[in-house]
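Report on the structure given below.
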Amino acid sequence: MNFKKKCLVLFLLVSIIACKENEQSAIDPQIIPAPNTLNINKGEFLLSSNTNLVYDEELKPAVAYWESITTPVFGGNTGEVNTIKFVLDKTIKNLEAYNLVVNTEEITIKASSAKGAFYAVQTLIQLLPAEFIEKEYKSNSLKIKALTITDKPQFSYRGMHLDVARHMYPVEFIKKYIDALAMLKMNTFHWHLTEDQGWRIEIKKYPKLQKVAAYRKETLMGHYSDQPHQFDGKKYGGYYTQEEVKEVVAYAAERFVTVIPEIEMPGHSQAAIAAYPELGCTGEQVEVATKWGVFEDIYCTKDETFNFIENVLDEVVALFPSEYIHIGGDEAPKTRWKTCKNCQARIKAEGLKDEHELQNYFITRMEKYLNSKGKQIIGWDEILEGGLAPNATVMSWRGTSGAVEAAKSGHNVVMTPTSHCYFDYYQSDNENEPTAIGGYLPLEKVYSFNPIPDELTEEESKYIIGVQGNVWTEYMPTSEQVEYMAFPRILAMSEVLWTNTENKNYRDFVTRVEDFHKRLYVLGINYANHLYEINGEMISINNESFYKLETLTEGKDIRYTLDGNEPTLKSEIYKAEIPISKSLEIKAAVFNAEEKLGKIFSQNINFHKAVGAKISIDKEPHKAYSGSGAEGLINGISGSVSRYGDKEWLGFWGEDIVVIIDFSTPKEISSISTRFHNGNGQWIYAPEEIGFSFKLQEDGRTINDIKLIKDSHDLIVDYAYKIEPTVVTRIEIVIKNYGTIPEGKQGAGNKAWTFIDEIIIN
Ligand code: ACM
Ligand code: ZN
């Protein structure tokens, strides 16, 4: 064969291979949220420009969506004519349910509404290769595995929230967010439009909302807990015009997403009061807030303020077809109301007991107004204060007690507790994470959420209409950062919402998330990838200490070192728990055969004298912050500086605690140290007083001591106590809670949290 011929053969070979690659085989279904039943059958369906669409008119919107996605893809003529049938089937009771049958000749979608058919379309899209969603993607045909899916949602309210007040994002991004919701079969977008730091919706009757309330003069830099506060000196703001709002609402409607606007009242309204000081109690000029938190300037309860809010709501109601209007209701300090003659006169005239009942008066009055416009109200769980407005739906965020109270009194509830639904919390305990508000909410915890509180009977559980993930954006200046915080936790949330508990499986979910990365990449979504991170844990087997390493994804190795060097492909492969008998640093990473995949995990183990001792605490830590239990305080591992919600910190709310450490063999000790979190913005305060007693070995005597901690402004308050070397059998530590949060601080009047880290004894 001469050179030219060789080249030709090579060219043909390459072409054939390339051609084969273009003609992909059908992908294995990796659908999120997992369908409730899925059976794979034999064969494949060939989707192409020769695929005909046959449909009942009522299902047309779902068909139109399918066409808008697929039509641009196909060129050429495959010759194989086949059909997708969209069949209206009124015997399907749930309007959001669908049946999907793919066989070699045809695809049949059955649903009793366009909404159900739309979710079938979303499933079908996920049965196509991820690259297919790319704008430039062209193909002659695509294959879909033959299968049968019967599917319906677990909850009717499936929501995501977005705060556009702390930071604002372009309309294009709002649409991208809505697209993601629709992809994940979510049906509600809670648009948080007004705040202390900015008013983001155009209200034509009140131009100063656009001119004044929409802009703050500057923004806090760094974290709220960084002292002293520093500002960037740059004006920030903007608002969505009514035309833009209409555009968003229409875009969402085409994707079967309802947009619920939130207009906050009576609190979180400092921006509006900055524009119209007469809306507040004092009438004094305030500024649009430049830092985060809760502010005391809230709406006054005089008639003029109600007139304003009603006029605002008139314009809002006209823009949003949603049945619900969210009226906020959260975090409204009563400071101003207590000294306002108008508010006090209102309390008297209405025969109210106090300012809490005045809050109820406020909400109920607004409910009545919105009901008269054909709308229902939804509000944060503080709307339970002083009694609940008669028809209100409660969004339970401060734990689940609000949900229980509301459901027991026959009110609908949307679950959104901080413990499982706040995507502004850290998602990894890696110290390199971008700054977040605090807390710790990894993917697995979101996934594990059971939205029905234990306290409810089956009958009462029916009032739990759904769940919502919240994205508060104090620390998310860009839409990329919103994506980073929302993804992949939103995937876990979609499965909490859609998939029945018995069909959920975290390992299987993680495999699907790994596959879903391609899809997110193609969609241009800046997702966080913590799947290749390592979880480590100190464990005790027969009174010996070991360190256990785990990673989530299958088919990969963990390699580790104990000498401080970074692990490489040559490092030891982790096979079993590592025995620990001295202080050391473990470094580990996940590898495939070729390379390191995730970030390096590194853990210092401080093998101090209390490791392996017995420990007890007289109180249970708070359910949401129970870390690794009491043992976690003497396991040789310190908590993260920023993630007080990680598994090493313990949180107690408003309680004094007594920690007792018992040594099985007497120990000579000379120091005790620990740390307290002091994130005052999150209501966390280091204690001011700690008492000690030591039970001595030689004569069983006890010595006592009390240590005072000065009022500290550090985020982490280190605490150390030294004594002459003493042989002891038992140490008792009494840690006094800080008490009530003082006036002028976030959460003033509430009990403070105590967060304690490792107790190190040497
Ligand atoms: C809230 O997080 N303030 C509802
Ligand atoms: Zn007032």
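The values are calculated or read from the model by the stated rules, or taken from the named source; none is laboratory data. It should be emphasised that the depicted structure is a prediction, and the values quoted were computed from it without experimental measurement. Every residue, glycine among them, receives a Cβ derived from its backbone with ideal geometry; neighbour counts consider all protein chains shown. When the accessible area is computed, the model is the full protein with side chains, heavy atoms only, and any ligands, DNA or RNA have been set aside. Shrake-Rupley method; radii C 1.70, N 1.55, O 1.52, S 1.80 Å.
Pairs only if they're at least six apart or on different chains, beta carbon under 6 angstrom, first in the stretch 705-730 and within 19 Å of Asn762 (Cβ to Cβ), second open to solvent by 90 Å² or more (accessible area, probe 1.4 Å) and of a type in the set (D, E, K, R); list them, first residue then second.
Pro725/Glu668; Val727/Glu668
Go through the stretch 434-458 and report how many residues are more than 16 Å from ligand 1 (Cβ to nearest atom) and in contact (Cβ under 8 Å) with a residue 60 or more places away in the chain.
Initially, the stretch 434-458 is screened for residues more than 16 Å from ligand 1 (Cβ to nearest atom), giving 434-435, 440, 442-458.
After this cut, where a residue has to be in contact (Cβ under 8 Å) with a residue 60 or more places away in the chain as well, the list is 435, 440, 442-444, 447, 451.
Result for the stretch 434-458: 7.
Just to be sure before I move on: is Glu202 open to solvent by 20 Å² or more (accessible area, probe 1.4 Å), under 23 Å from Gly329 (Cα atoms) and touching a Phe, Trp or Tyr at 6+ places or on another chain (Cβ under 7 Å) in the structure I sent?
So Glu202 fits the description; yes.
Quick one: Pro277 ticks every box in (1) closer than 17 Å to Gly329 by Cβ; (2) within 16 Å of ligand 2 (Cβ to nearest atom) bar one, so which box is it?
The number of the failed condition is (1).
Can you work out which of the residues in the stretch 281-336 that are closer than 30 Å to Thr258 by Cα and among the polar types (S, T, N, Q) is nearest to ligand 2 (Cβ to nearest atom)?
The qualifying residue nearest to ligand 2 (Cβ to nearest atom) is Thr305.
Applying the selection to the stretch 72-101, what residues are open to solvent by less than 30 Å² (accessible area, probe 1.4 Å), under 20 Å from Asp151 (Cα atoms) and in contact with a helix residue (DSSP H, G or I) (Cβ under 7 Å, 6 or more places away or on another chain)?
Phe86, Ile92, Glu96, Ala97, Tyr98, Leu100
(1) assigned to a strand (DSSP E or B); (2) modelled with pLDDT of 95 or more: which one isn't true of Leu569, the others all being true?
Here Leu569 meets the rest and fails (1).
Given the conditions (1) modelled with pLDDT of 95 or more; (2) open to solvent by 10 Å² or more (accessible area, probe 1.4 Å); (3) among the polar types (S, T, N, Q), which single one is not true for Thr194?
For Thr194, the failing item is (2).
Suppose we filter the stretch 313-347 for residues that are outside any loop (DSSP other than H, G, I, E, B), over 15 Å from Ser372 (Cα atoms) and either away from ligand 1 (no atom under 16 Å from the Cβ) or open to solvent by 60 Å² or more (accessible area, probe 1.4 Å) (or both); how many remain?
Number of matching residues: 12.
Within the stretch 405-423, is there a residue that is open to solvent by 30 Å² or more (accessible area, probe 1.4 Å), among the acidic types (Asp, Glu) and touching a helix residue (DSSP H, G or I) at 6+ places or on another chain (Cβ under 9 Å)?
Scanning the stretch 405-423 turns up at least one residue that is open to solvent by 30 Å² or more (accessible area, probe 1.4 Å), among the acidic types (Asp, Glu) and touching a helix residue (DSSP H, G or I) at 6+ places or on another chain (Cβ under 9 Å).
Output yes when any residue across the stretch 508-528 is basic (Lys, Arg), within 29 Å of the chain's Cα centre (by Cα) and buried (at least 16 other Cβ atoms within 10 Å of the Cβ), and no when none is.
Just the residues of the stretch 508-528 that are basic (Lys, Arg), to begin with: 512, 518-519.
Of the ones still in play, those that are also within 29 Å of the chain's Cα centre (by Cα) are 512, 518-519.
The next check asks that each one be buried (at least 16 other Cβ atoms within 10 Å of the Cβ); those that pass are 512, 519.
Yes, the stretch 508-528 contains at least one residue that is basic (Lys, Arg), within 29 Å of the chain's Cα centre (by Cα) and buried (at least 16 other Cβ atoms within 10 Å of the Cβ).
Name the single residue, out of those in the stretch 385-404 being open to solvent by 20 Å² or more (accessible area, probe 1.4 Å), within 15 Å of ligand 1 (Cβ to nearest atom) and more than 18 Å from the chain's Cα centre (by Cα), that is nearest to Gly351 (Cα to Cα).
Glu385
Quick check: is even one residue across the stretch 129-150 over 23 Å from Leu46 (Cβ atoms), crowded, with 19+ Cβ neighbours inside 10 Å and at pLDDT 95 or above?
No - not one qualifying residue is present in the stretch 129-150.
Can you list residue pairs whose Cβ atoms sit under 8 Å apart, with the first residue in the stretch 540-553 being loosely packed, with under 12 Cβ neighbours inside 10 Å and the second being charged (D, E, K, R) and not in a strand (DSSP E or B)? Count only pairs 6 or more apart in sequence or on different chains.
Ile541/Glu577
Scan the stretch 352-360 and give yes if some residue there is in contact with a helix residue (DSSP H, G or I) (Cβ under 9 Å, 6 or more places away or on another chain), within 16 Å of ligand 1 (Cβ to nearest atom), in contact (Cβ under 8 Å) with a residue 24 or more places away in the chain and under 25 Å from Ala165 (Cβ atoms), otherwise no.
In the first step, residues of the stretch 352-360 are kept if they are in contact with a helix residue (DSSP H, G or I) (Cβ under 9 Å, 6 or more places away or on another chain); the result is 352-355, 357-360.
Of the ones still in play, those that are also within 16 Å of ligand 1 (Cβ to nearest atom) are 359.
Among the residues that remain, those that are also in contact (Cβ under 8 Å) with a residue 24 or more places away in the chain are: 359.
Going one step further and asking which of them are under 25 Å from Ala165 (Cβ atoms), we end up with 359.
Yes, the conditions are met somewhere in the stretch 352-360.
Just give me the residues in the stretch 274-293 being open to solvent by 40 Å² or more (accessible area, probe 1.4 Å) and in a loop (DSSP other than H, G, I, E, B), in sequence order. Let's see the steps before the verdict.
Start the filter on the stretch 274-293 by keeping residues that are open to solvent by 40 Å² or more (accessible area, probe 1.4 Å), which leaves 278, 282-285, 287, 291.
Once the filter is applied, which keeps residues that are open to solvent by 40 Å² or more (accessible area, probe 1.4 Å) and in a loop (DSSP other than H, G, I, E, B), the stretch 274-293 yields Thr282, Gly283, Glu284, Gln285, Glu287, Lys291.
Could you tell me whether any residue of the stretch 57-71 is modelled with pLDDT under 90 and open to solvent by less than 30 Å² (accessible area, probe 1.4 Å)?
Yes: one or more hits.
Exactly one of (1) modelled with pLDDT of 95 or more; (2) part of a helix (DSSP H, G or I); (3) not acidic (Asp, Glu) is unmet by Arg507. Its number?
So the condition that Arg507 fails would be (1).
Would you check if there is a residue in the stretch 519-533 being in contact with a strand residue (DSSP E or B) (Cβ under 8 Å, 6 or more places away or on another chain) and in a loop (DSSP other than H, G, I, E, B)?
Just the residues of the stretch 519-533 that are in contact with a strand residue (DSSP E or B) (Cβ under 8 Å, 6 or more places away or on another chain), to begin with: 532-533.
Okay, now just the ones that are also in a loop (DSSP other than H, G, I, E, B), so 532-533.
So far as the stretch 519-533 goes, yes, one or more of its residues are in contact with a strand residue (DSSP E or B) (Cβ under 8 Å, 6 or more places away or on another chain) and in a loop (DSSP other than H, G, I, E, B).
Is it the case that the stretch 432-439 has a residue that's part of a strand (DSSP E or B), open to solvent by less than 10 Å² (accessible area, probe 1.4 Å), under 25 Å from His326 (Cβ atoms) and touching a His at 6+ places or on another chain (Cβ under 9 Å)?
Scanning the stretch 432-439 turns up at least one residue that is part of a strand (DSSP E or B), open to solvent by less than 10 Å² (accessible area, probe 1.4 Å), under 25 Å from His326 (Cβ atoms) and touching a His at 6+ places or on another chain (Cβ under 9 Å).
So which residues in the stretch 459-479 are outside any loop (DSSP other than H, G, I, E, B) and without any contact (Cβ under 8 Å) to a residue 24 or more places away in the chain, if there are any at all? Even if it seems obvious, please write down each step before you answer.
Step one: of the stretch 459-479, the residues outside any loop (DSSP other than H, G, I, E, B) are 459-461, 464-470, 479.
Scanning the stretch 459-479 gives a single hit, Glu459.
Of the residues Asp179, Asp226, only one is modelled with pLDDT under 95 and not hydroxyl-bearing (Ser, Thr, Tyr); which?
Values: Asp179 fails: modelled with pLDDT under 95.
The conditions single out Asp226.
On the given criteria, is Thr305 open to solvent by less than 10 Å² (accessible area, probe 1.4 Å) and among the hydroxyl-bearing types (Ser, Thr, Tyr)?
Working: open to solvent by less than 10 Å² (accessible area, probe 1.4 Å): yes; among the hydroxyl-bearing types (Ser, Thr, Tyr): yes.
Yes, satisfied.
Would you point out which residue out of Val249, Val259 is part of a strand (DSSP E or B), of a type in the set (A, V, I, L, M, F, W, C), touching a residue at least 60 places away in the same chain (Cβ under 8 Å) and within 25 Å of Met366 (Cβ to Cβ)? Spell out the reasoning first.
Working: Val249 fails: part of a strand (DSSP E or B).
Step by step, each of Val249, Val259 is checked, and only Val259 is part of a strand (DSSP E or B), of a type in the set (A, V, I, L, M, F, W, C), touching a residue at least 60 places away in the same chain (Cβ under 8 Å) and within 25 Å of Met366 (Cβ to Cβ).
Scan the stretch 136-153 and give yes if some residue there is without any contact (Cβ under 8 Å) to a residue 40 or more places away in the chain and at negative phi, otherwise no.
Start the filter on the stretch 136-153 by keeping residues that are without any contact (Cβ under 8 Å) to a residue 40 or more places away in the chain, which leaves 136.
When the remaining residues are screened for being at negative phi, the result is 136.
Checked against the condition, which is being without any contact (Cβ under 8 Å) to a residue 40 or more places away in the chain and at negative phi, the stretch 136-153 yields at least one hit.
For the stretch 613-705, give me every one of the strands (runs of 3 or more DSSP E) that falls completely inside it and has 2 or more residues that are open to solvent by less than 20 Å² (accessible area, probe 1.4 Å).
Ranges flagged: 650-653, 657-677, 689-696.
What do you reckon, is Glu698 at pLDDT below 90 and within 42 Å of the chain's Cα centre (by Cα)? Spell out how you get there, then give the answer.
Values: at pLDDT below 90: yes; within 42 Å of the chain's Cα centre (by Cα): no.
So Glu698 fails the test.
So Ile298 fits all but one of (1) in contact (Cβ under 8 Å) with a residue 40 or more places away in the chain; (2) within 16 Å of ligand 1 (Cβ to nearest atom); what number is the exception?
Failed condition: (1).
Restricting to the stretch 366-407, name every residue that is in a helix (DSSP H, G or I) and among the polar types (S, T, N, Q). Even if it seems obvious, please write down each step before you answer.
Within the stretch 366-407, the first condition is being in a helix (DSSP H, G or I), and the residues that meet it are 366-372, 381-384, 401-407.
Asn371, Ser372, Ser401 - these are the residues of the stretch 366-407 that are in a helix (DSSP H, G or I) and among the polar types (S, T, N, Q).
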